Amino acid sequence: MNFQITRRNAIVAGCVLGGLGGCASLPAFDERSQSPGAAGFTAGTVPAESDPLLVIYPEETHHNPATTALVKRLLGGSSFAGIATAMAGFSNGPSSDAVSADVGKLAVIGSNTGSGSGAVVWAEWSEDDLHEILERPGRDEPEPGTYHGRAIYETDELGAATLADQALAIGTARVVRSVVDVWHGDTDPVADAVLRPFERTDRDAPVRFATTGLAFQADSPSPRTEEYDPVANTSVSIAIEDREAIVDVAYKVEAKDTADPLAKALERDLGIGSASAAVEPVLPRGIRGDLAVDRNATVVTVRYRGSVDAVAEHVGDVVTTLGTATGQQ
């Protein structure tokens, strides 16, 4: 797809798909509440079909290479392919004369109904911007309309709609309409099956992710061993402490007696302690030394803690290894 890059859509697309590189021109904020979008996450802003769910605070992430790298890897999952395809023309980020947009928060959603993916963006926008988001040179104009009293533009594949003075939805057309439905009160919000693991992440984390079942995929997964079968959901978050980054990948099982076997399987497959049975390709010793597995009742957490630069360079490798271990039934 060859989309026309315009002032504001380039910036938001850079935030969503460019690993937040497109947010580099955004103003910094001392307090999260000063930017569009309430602090924290409100369940009633995304529809019941949202699975997985990824919430990003661009002003807190675009200066940090570790958070940027994690966002890139999470957005690379197949569940977000709809919005990735839709916005592929913006992958180079904003033009040099782009006007800074005050993007405060993004909720990127996949759809467990198979109807695509999208994003709710809290930002300074006008209705005129909706047309620009979907504009394609040499093709029919996006069709304007209203849906539940909201301005909406749609093509055969894509949609963009206003939600509030400082919020809009973009993505595949079906998901955009689902988002408008939930903001209008005509459909249920995100299901507990996704909300529970999401709430397990730190409310103040700049990147929060949750999904049912096992997250992550790999191009060449190993045969999944039975220790992973009881996993009900997965959550991911990142914290920054001084110049260290801490990434937590937490797996929830329903019964306590399955948590210990899961923890041992993760240690084995990640090569923690010994690389003799680790999945291929084996993570380098330095990365394995920064990994730990913790058990807490029915939650087993893989923690990757290292310098910001090291995590930025290798968090994708850790996630890929987890996908290799757990991605094939």
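The values are calculated or read from the model by the stated rules, or taken from the named source; none is laboratory data. Keep in mind it's a predicted model, so treat the numbers as computed, not measured. Because the Cβ atoms are built from the backbone with ideal geometry, glycine has one as well, and the counts that use them run over all protein chains shown. The protein model used for the area step is the full one, side chains on, heavy atoms only, and it has no ligands, DNA or RNA in it. Shrake-Rupley method; radii C 1.70, N 1.55, O 1.52, S 1.80 Å.
The residue that is nearest to Ile240 (Cα to Cα), counting only those in the range 268-306 that are of a type in the set (Asp, Glu) and not in a loop (DSSP other than H, G, I, E, B), is Asp294. Among the residues of the range 194-231, those that are more than 23 Å from Gly316 (Cα to Cα), surrounded by fewer than 17 Cβ atoms within 10 Å (Cβ to Cβ) and over 17 Å from the mean Cα position of the chain (by Cα) comprise Glu226, Asp229. I'm trying to understand the selection: among the residues of the range 210-263, which are over 22 Å from Val279 (Cα atoms), touching a helix residue (DSSP H, G or I) at 6+ places or on another chain (Cβ under 8 Å) and in a loop (DSSP other than H, G, I, E, B)? Matches in the range 210-263: Arg243 only. Within the range 40-56, the set of residues being part of a loop (DSSP other than H, G, I, E, B), open to solvent by 10 Å² or more (accessible area, probe 1.4 Å) and at pLDDT 90 or above comprises Ala48, Glu49. Among residues of the range 271-294 that are over 24 Å from Asp219 (Cα atoms) and polar (S, T, N, Q), those with a Cβ under 9 angstrom from a residue that is open to solvent by 40 Å² or more (accessible area, probe 1.4 Å) and at pLDDT 95 or above, sequence gap 6+ or separate chain, pair up as Ser274/Glu267; Ser274/Arg268.
Within the range 181-193, if we keep just the residues that are acidic (Asp, Glu) and closer than 30 Å to Ala151 by Cβ, the residue that is surrounded by the most Cβ atoms within 10 Å (Cβ to Cβ) turns out to be Asp181. Among the residues of the range 120-142, are any among the hydrophobic types (A, V, I, L, M, F, W, C), in a loop (DSSP other than H, G, I, E, B) and at pLDDT below 80? Checked against the condition, which is being among the hydrophobic types (A, V, I, L, M, F, W, C), in a loop (DSSP other than H, G, I, E, B) and at pLDDT below 80, the range 120-142 yields at least one hit. From the list Val180, Val207, Val176, the one residue that fits, being at pLDDT 85 or above and touching a helix residue (DSSP H, G or I) at 6+ places or on another chain (Cβ under 8 Å), is Val207.
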